[in-house]
Structure formats: C-alpha cells, structure tokens
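Input: a single structure, listed below in structure tokens.
The values are calculated or read from the model by the stated rules, or taken from the named source; none is laboratory data. These numbers were taken from a predicted model, which means no experiment stands behind them. Glycine also receives a Cβ, built like all others from the backbone with ideal geometry; neighbour counts cover every protein chain displayed.
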Amino acid sequence: MTDVNKKILIVYHSQGGNTKEAAEAVAKGAKQINNTEVVIKQALKATIENLKSCDAIAVGSPDYFSYMAGGLKDFFDRTYYPTQGSVTDKPCGIFVTHGGGGKAVKSVESICNTFKFKMVMEPVLVQGMPDSKSATTLIDLGKKLAEAAKR
Ligand SMILES: Cc1cc2nc3c(=O)[nH]c(=O)nc-3n(C[C@H](O)[C@H](O)[C@H](O)COP(=O)(O)O)c2cc1C
C-alpha cells in the first residue's frame, strides 16, 4: 500500500518579509517528517478548500497595532462558516512576529480557539526577522504539526 502524504497548511500574512521568513522555517520543519506535503499560502490567497483539506495548520501574522494583520483576519472571516464543525481538533500552531510588543498573539489564539483547533505547542513569538534561535523553535513547530497530523 502506498502511503498518503499528510498535508500541512501554512497560512501567513507578511508585508515586510519577517513573517514570510518565519513561515518558511515552519515549512522546513514539517518537511523533515516523512510523508508530509507542505502547502504554504499568503493569507489573502488561501482558500476554504485549503483549510478543509489540510491535516494540520500553522497560522502566522505580524503584530500590527497589537492585533493580527488584516490579511489573516480576512482568511478567518472567509473560512469560518463554510468550515464550521469540520475542522474541530485540527492540529494547529501559531507564530507571530513583532517589533517588541507581540500582543497580537492574543487575537490569533482567540480566533483559533473559536475554530476549535487543537494547539500542538505554545505560540512562537519572534522579534523582527527570525534569528537562528527562533528559527529552531519555528522548525520545531513545523515538526510537531507534521507529527500530530493524521491522514
Ligand atoms: C502598521 C504596523 C503596525 C505595527 N504595530 C506593532 C505593534 O503594535 N506592536 C509591535 O510589537 N510591533 C508592531 N509593528 C512591527 C511589526 O509587528 C514587525 O516589524 C513585524 O515583524 C513585521 O512583520 P512583516 O515583516 O512580516 O510584515 C507594526 C508594524 C507595522 C507596519
């Protein structure tokens, strides 16, 4: 029997590139686990089908005015009703980049709880561009998501 790949969706918004870099580190970690396929999407382009069809999800946002970026909020707004009840307990991880605050993580956590996603670890907070230490934590998040994902 052939193994069917587990699909990890990484949805992020990034204006300046910091959160994009963080998303790529999460993807690197997920790819280290066997039979894993990574779909990495800018939040404004991520679809309802992307969310429905994934086996685990990572959501990433910069902290803009102590709240998540509008692009990620748009993704949540578009996908909530169409996926309600069908994404309960989906393994999830959160990553937020910030300029020294990071309060936006609360807004992301709150919405993920409303979707009833199941967190695989504490949210990862990164100040600015990920350095090698935070990249290691982001890679770990990707690995944990891929390990928790079930086909
Ligand atoms: C419009 C705007 C608002 C911001 N507000 C905050 C803030 O409230 N708290 C904070 O810690 N950083 C804030 N920042 C800094 C960003 O969160 C930080 O630079 C982040 O890493 C940018 O991610 P990006 O490069 O993926 O866009 C703000 C940046 C912008 C552009």
Would you call V26 within 15 Å of K144 (Cβ to Cβ), of a type in the set (A, V, I, L, M, F, W, C), touching a residue at least 24 places away in the same chain (Cβ under 8 Å) and within 15 Å of the ligand (Cβ to nearest atom)? yes
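State whether one or more residues within the range 36-48 are in a helix (DSSP H, G or I), surrounded by 21 or more Cβ atoms within 10 Å (Cβ to Cβ) and more than 10 Å from the ligand (Cβ to nearest atom). Give the derivation first.
Here is the first cut: in the range 36-48, the ones in a helix (DSSP H, G or I) are 43-45, 48.
Going one step further and asking which of them are surrounded by 21 or more Cβ atoms within 10 Å (Cβ to Cβ), we end up with 43.
The next check asks that each one be more than 10 Å from the ligand (Cβ to nearest atom); those that pass are 43.
Yes, the range 36-48 has at least one match.
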Within the bounds of the range 69-89, is there any residue that is modelled with pLDDT of 95 or more, touching a strand residue (DSSP E or B) at 6+ places or on another chain (Cβ under 6 Å) and closer than 21 Å to T36 by Cβ? yes
Qualifying residues in the range 53-109 (those that are surrounded by fewer than 19 Cβ atoms within 10 Å (Cβ to Cβ) and in a strand (DSSP E or B)) - the one nearest to the ligand (Cβ to nearest atom): Y64
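Only one residue in I57, I48, I111, I139 is in contact with a Cys (Cβ under 7 Å, 6 or more places away or on another chain) and on the phi < 0 side of the Ramachandran plot. Which one? Lay out the reasoning, then the answer.
Details: I48 fails: in contact with a Cys (Cβ under 7 Å, 6 or more places away or on another chain); I111 fails: in contact with a Cys (Cβ under 7 Å, 6 or more places away or on another chain); I139 fails: in contact with a Cys (Cβ under 7 Å, 6 or more places away or on another chain).
I57 is the lone residue from the list that is in contact with a Cys (Cβ under 7 Å, 6 or more places away or on another chain) and on the phi < 0 side of the Ramachandran plot.
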Condition check for Q15: more than 13 Å from the ligand (Cβ to nearest atom), surrounded by fewer than 16 Cβ atoms within 10 Å (Cβ to Cβ) and closer than 25 Å to S134 by Cα: no
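Can you find, within the range 113-132, the residue that is farthest from S53 (Cα to Cα) among those that are more than 16 Å from the ligand (Cβ to nearest atom) and not aliphatic (A, V, I, L, M)?
Applying the first criterion (more than 16 Å from the ligand (Cβ to nearest atom)) to the range 113-132 yields 113-122, 132.
Filter again for not aliphatic (A, V, I, L, M), leaving 113-118, 122, 132.
On the way: N113: 19, T114: 19, F115: 15, K116: 16, F117: 14, K118: 16, E122: 24, S132: 32 Å.
Among those residues, the one meeting the criterion is S132.
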Every residue in the range 9-20 that is part of a helix (DSSP H, G or I) and either free of Cβ contacts under 8 Å to residues at least 40 places away in the same chain or over 11 Å from P62 (Cβ atoms) (or both), please. K20
